[in-house]
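This report concerns only the one structure given below.
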Amino acid sequence: MNFSFRPRLFDALTDYSRARFFNDVSAGVTVGVVALPLAMAFAIASGVAPQAGIYTAIIAGFLIATLGGSRVQIGGPAGAFIVVLYGILQKYGLANLLISGMLAGVLLFSMGLFRIGNLIRFIPVAVVTGFTNGIAILIAFSQVRDFLGLDIDKMPADFFSMLAALYDHLGSADWQTLSVASVSLLIVIFWPKTYLQNAQRWKHYASRVPGTIVALVLATVFVALTDFHVATIGSHFGGIPQGLPAFELPTFTWSLSKQLVAPTITIALLCAIESLLCARVADNMIDERHDPNQELMAQGVANFVTPFFGGIPATGTIARTVTNIRSGATSPIAGMVHSATLLLILLIAAPLAAYVPLATLAAILMFIAYNMGEWRAFPRLRQFTPQYRIVLVSTFLLTVIFDLTVAVEVGMVLASLFFIYRISDLTRLEKMHLPADTPAGIEGYRIFGSLFFGAVSKLEVLLDPKRPMPKVMIFQMHQLISLDTTGLETLEVVCKNLRKHGAAMVLCDLNKQPRSIIRRSGFLDALGPENLTDSLEHALARARQLLATT
């Protein structure tokens, strides 16, 4: 196997110019500012301290940009991870969450090294849409506590317990918290729409500032200058320390790692799906093709290194990547500048984060949850097949009710079963009308489609002991696109059954794949090379010869 490790940075810096550098710096600074509230919000929603999200965006974002397979992808903590990480944290604890992230990094790097990146694209759209919408619902409900200021010490991880806790504590809603959250949400929603074509210059530039930043700054200033009693990062977490944490080795034992197989696979699978979907979105915007295997290796390195500094799992992020592209990014330098911008903010303005209201971060996450869901998929379900509906709705419900791992597993199994059914339904066996001068005792059949384990029952009619047995049976197979070992075994059984009755089988017009497996399996030797022909005419001629010798 040809192993390759070549970051896209090397190619992107070819013919690099000063103009491109300034575009990248401008885009990187913009994305860095946009990423700040998201990084904190994702970390808090995942159950860890806000600085963990910032550390992840700085370290993982830098490594993904430097080593990745896309020119413009921005890496960091993502909303899709919130539900997964919170569940792992509640069940296994913070130390084991970090170890799961490291192990997922090793798995991701291995997937890229062995060039499995392209296989991620085989996950059906119905499965991706189902679990994305399910995650969006869980994110939104997980933020109701901070949005309303409910007196709940610890939110449950599963959906129904979460609903019960919210219902039981609705009476403890705080109007001040609700006011801050509601105004923050309105700012996030409507701020981008303040832009007018002929507006004054200051309005033109102000409208370019993301609504999340405007809401974060205004809410923080308001809470700092008023007597509103709302939960803040300072009151809940004690603020954010300045600077990156020291390198620290988490406690690791093989006996413990065996318990983390499921969390590790979940993190790695979600990271792979999210990052490669994000890269494909970026490809469509910049008219370029990313390297999926290099991207997975970069994600692996980033997720392995980040936990040593207290960071959480990271992946490619669509919203920040799109912002990066629209801001004029041309190379991975923009992603590296994005990380440097966050580091600079952390070193200079970390004490100010103590005044950031949790209600504002909850409002931002609710807005993100709404935008990440593909809600139009539900009204459009009637346009698709029942199989598509079942896969999407099942994946959605299982994500909400159980967890992402179960949802993806069941969704993939259902999608595979329905695919097998559809392909087997396309496979047909038809009796041919042979030329009028064909001697009696010769029968011909055409096989259409794919003769595999899900469709071999189509040949069972030929094995019925009650049907009259011909002297020679011809199979015309030019419309057989594939043959697996089960289909091959069925052909062998038909051939043996014919020979028991002193009859013979002739195959003609085989495509490359069926011909290859028949030759490699040894069935050609058992059949006889002379009984494998290139055309129906030659097959009929061979059948006449066999008929003459019986």
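The values are calculated or read from the model by the stated rules, or taken from the named source; none is laboratory data. Note that the coordinates shown come from a computational prediction; the quantities given were computed from them, not determined experimentally. Virtual Cβ from ideal backbone geometry, glycine too; neighbours counted across all protein chains shown. The area values use the complete protein model at the heavy-atom level, side chains included, leaving out ligands, DNA and RNA. Shrake-Rupley method; radii C 1.70, N 1.55, O 1.52, S 1.80 Å.
Got a sec? Which of I240, I273 is in a loop (DSSP other than H, G, I, E, B) and crowded, with 20+ Cβ neighbours inside 10 Å?
Being in a loop (DSSP other than H, G, I, E, B) and crowded, with 20+ Cβ neighbours inside 10 Å holds for just one of I240, I273, which is I240.
Kindly evaluate Y92 against the criterion of being open to solvent by 50 Å² or more (accessible area, probe 1.4 Å) and under 30 Å from Q259 (Cβ atoms).
Judged against the criteria, Y92 is a match.
When residues of the range 374-416 are filtered for being touching a Ser or Thr at 6+ places or on another chain (Cβ under 7 Å) and open to solvent by 30 Å² or more (accessible area, probe 1.4 Å), how many remain?
4
Checking the conditions here, which among A268, A282, A246 is surrounded by fewer than 13 Cβ atoms within 10 Å (Cβ to Cβ) and either of a type outside the set (K, R) or not in a helix (DSSP H, G or I) (or both)?
The conditions single out A246.
Taking the residues in the range 441-482 that are open to solvent by 10 Å² or more (accessible area, probe 1.4 Å) and among the aromatic types (F, W, Y) as candidates, determine which candidate is farthest from the chain's Cα centre (by Cα).
Going through the qualifying residues, I end up with Y445.
Being outside any helix (DSSP H, G or I) and under 29 Å from R18 (Cβ atoms) narrows it down to one residue among G328, G335, G311; which is it?
After ruling out the rest, the residue left standing is G328.
For I333, only one of the following conditions fails: (1) under 18 Å from A140 (Cα atoms); (2) at pLDDT 95 or above. What is its number?
The one condition I333 does not meet is (1).
Evaluate the following for M473: is it in contact with a Phe, Trp or Tyr (Cβ under 9 Å, 6 or more places away or on another chain) and touching a residue at least 12 places away in the same chain (Cβ under 8 Å)?
Yes, satisfied.
Among the candidates L249, L269, L256, L244, single out the residue that is closer than 15 Å to G105 by Cα and not basic (K, R).
Answer to the check: L269.
Just to be sure I understand, how many residues within the range 315-335 are among the polar types (S, T, N, Q) and surrounded by fewer than 22 Cβ atoms within 10 Å (Cβ to Cβ)?
Going through the range 315-335 one residue at a time, the tally reaches 3.
If we keep just the residues of the range 119-140 that are open to solvent by 20 Å² or more (accessible area, probe 1.4 Å) and touching a helix residue (DSSP H, G or I) at 6+ places or on another chain (Cβ under 6 Å), which is farthest from F160 (Cα to Cα)?
I120
Consider T438 against the criteria (1) free of Cβ contacts under 8 Å to residues at least 60 places away in the same chain; (2) over 43 Å from the mean Cα position of the chain (by Cα); (3) in a loop (DSSP other than H, G, I, E, B): it satisfies all of them except one. Which criterion is unmet?
(1)
Of all helices (runs of 4 or more DSSP H) completely enclosed by the range 1-72, which ones contain at least 3 residues that are over 27 Å from P245 (Cα atoms) and either hydroxyl-bearing (S, T, Y) or open to solvent by 20 Å² or more (accessible area, probe 1.4 Å) (or both)?
Qualifying helices (runs of 4 or more DSSP H): 8-12, 18-45.
Could you grab me the full set of residues in the range 155-172 that are over 35 Å from the mean Cα position of the chain (by Cα) and open to solvent by less than 50 Å² (accessible area, probe 1.4 Å)?
S172
Determine whether I82 is within 17 Å of the chain's Cα centre (by Cα), buried (at least 18 other Cβ atoms within 10 Å of the Cβ), in a helix (DSSP H, G or I) and not hydroxyl-bearing (S, T, Y).
The answer is yes for I82.
Table: residues versus (1) out of contact with any Lys or Arg (no Cβ under 8 Å at 6 or more places or on another chain); (2) free of Cβ contacts under 8 Å to residues at least 40 places away in the same chain.
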residue: K500; (1), (2): yes, yes
residue: A504; (1), (2): no, no
residue: N511; (1), (2): yes, yes
residue: S521; (1), (2): yes, yes
residue: D534; (1), (2): yes, yes
residue: L540; (1), (2): yes, no
residue: R544; (1), (2): yes, no
residue: T549; (1), (2): yes, yes
